[in-house]
Amino acid sequence: MSVVYDIIAFTETWLNDRTLSSQIISPDYAVFRCDRSPLNSKKSIGGGVLLAVKSELPSMLIEDNSWEDLELLWTRIDLGDRKLYLCVVYVPPDRSGDQVLAESFSRCLTKVSSMCSPEDDILVIGDFNLPGLKWYSLSTATLRQINNIENENGRLLDLCFVNEGFRNPTIDLAPAPLVKPVPHHPALVISIDVARIFAPAEKTRSLYHDFKNADFVAISLVLDSINWEDELDFSDPDAAAEKFSNILNYTIDRHVPKRSVDGDLRTPWVTSELRRQKTAKKCALRNYNKHKCLNTKDEYRKLNSAYKKASKRCYLAYLNRLQRNFKSSPKSFWKYVKSQRKESGLPSHMYLDGDIVSTDPGICNLFAEKFSSIFTSGSISAEQLTRAAGFPNLYDK
């Protein structure tokens, strides 16, 4: 998904740990997720919230064990002259009368509010379904509700709360939603005044060693001229390994040329024409936010539609090029797989035969149980080890 919004918020994502954020959100964004899990719901599917923040905006996730029972995300975003504390919430209808949930949300809102400085802003958005929480918890943080856009049934499904000092927020129907339009749950766009304009960070040139054109004669002469017994301290393997690595890296840097990588490694399908179209639709969106009328809306929707079609064509062409190269260059397949798996860390919970655990000891025990069901601990004879370690006789029947 390649878009022009600075911040994107989704509720009811229906995502789980089998879906990578890189599969649905452009790498230009930092992505924060709270998927449905045994900690926040008795249901195994549905729900979940997601926040994506443009990389130019420094952001961090605010975590606390006291609100693990909520499908909720808190992030802190640096806007230059102030910080924005942004929360996205989803409360399913079956928990609309859950007083414990309302009290949990009240506590987390009070806690985050205590972190804010007087000049900071608070923005709480989402699908609440908590009539009991409306004024008790939100009044403690002096928040006011600014969304008055009703759905086709005359109801307010999504609420948008801001603190009293928030600078001129506006909220409207999204002129070109990122998801399929749903009349009873319309997508919204919120505009915020920001004093500082964030310029995209300069892209550092990506370099790689071109070993195909290395001076292997010079490398051999250098390595042959080294008295390794004098250079390496064999009584200290760690020091010897470090010294050997330093010598090898120095030799490579001296005799292997460096080349710059052409194009954007994160979005290799993007062309100069596609970048031009993206810039044009960003300008149209700013114009629409400034002058909300039918003409500016139609202009943005037209440019957005053209950009989406062009982006899809470029991406499909990129995939076709990859597929054609897989046979002649199998490494390109794994390079593509690696590029898609941009997330690090371990899953928050794991499953085995219907059991779900979320603690480190519990996860270790599940692995032990799985391994013990597959491997046996029977003793192996010395003859079996010798045969297994040796080369097989190809003529044995």
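Side notes on the structure shown:
- Test: residue in the stretch 70-86 that is open to solvent by 10 Å² or more (accessible area, probe 1.4 Å) and polar (S, T, N, Q): no
- Assessment of the stretch 248-257 against the conditions (farther than 30 Å from Y307 by Cα, part of a loop (DSSP other than H, G, I, E, B) and touching a strand residue (DSSP E or B) at 6+ places or on another chain (Cβ under 7 Å)) yields at least one matching residue.
- Counting only helices (runs of 4 or more DSSP H) that fall entirely inside the stretch 134-242 and contain at least 3 residues that are of a type outside the set (S, T, N, Q) and at pLDDT 85 or above, the qualifying elements are 216-224.
- Within the stretch 229-249, none of the residues are under 23 Å from P177 (Cβ atoms) and either of a type outside the set (D, E, K, R) or free of Cβ contacts under 8 Å to residues at least 12 places away in the same chain (or both).
- Condition check for K302: closer than 30 Å to I171 by Cβ and at pLDDT below 90: no
- Selection status of N289, surrounded by 11 or more Cβ atoms within 10 Å (Cβ to Cβ), at pLDDT below 85 and under 30 Å from P169 (Cα atoms): yes
- Inter-residue pairs, beta-carbon under 8 Å, first at negative phi and among the basic types (K, R) and in the stretch 153-173, second modelled with pLDDT of 80 or more and open to solvent by less than 60 Å² (accessible area, probe 1.4 Å), 6+ apart: R167/D121; R167/I192
- Selection status of W14, at pLDDT 85 or above, open to solvent by less than 40 Å² (accessible area, probe 1.4 Å) and more than 13 Å from the chain's Cα centre (by Cα): no
- Filtering the stretch 315-344 to residues that are modelled with pLDDT under 85, within 15 Å of Q23 (Cα to Cα) and open to solvent by 60 Å² or more (accessible area, probe 1.4 Å) leaves K338, R341, K342, E343, S344.
- Test for S59: is it open to solvent by 30 Å² or more (accessible area, probe 1.4 Å), of a type in the set (G, A, S), in contact with a strand residue (DSSP E or B) (Cβ under 9 Å, 6 or more places away or on another chain) and farther than 24 Å from R95 by Cα: yes
The values are calculated or read from the model by the stated rules, or taken from the named source; none is laboratory data. It should be emphasised that the depicted structure is a prediction, and the values quoted were computed from it without experimental measurement. Don't worry about glycine lacking a Cβ; one is built from the backbone with ideal geometry, like all the others, and counts go over all protein chains shown. Please note that ligands, DNA and RNA were not included when accessible areas were found on the heavy atoms of the full protein model with its side chains. Shrake-Rupley method; radii C 1.70, N 1.55, O 1.52, S 1.80 Å.
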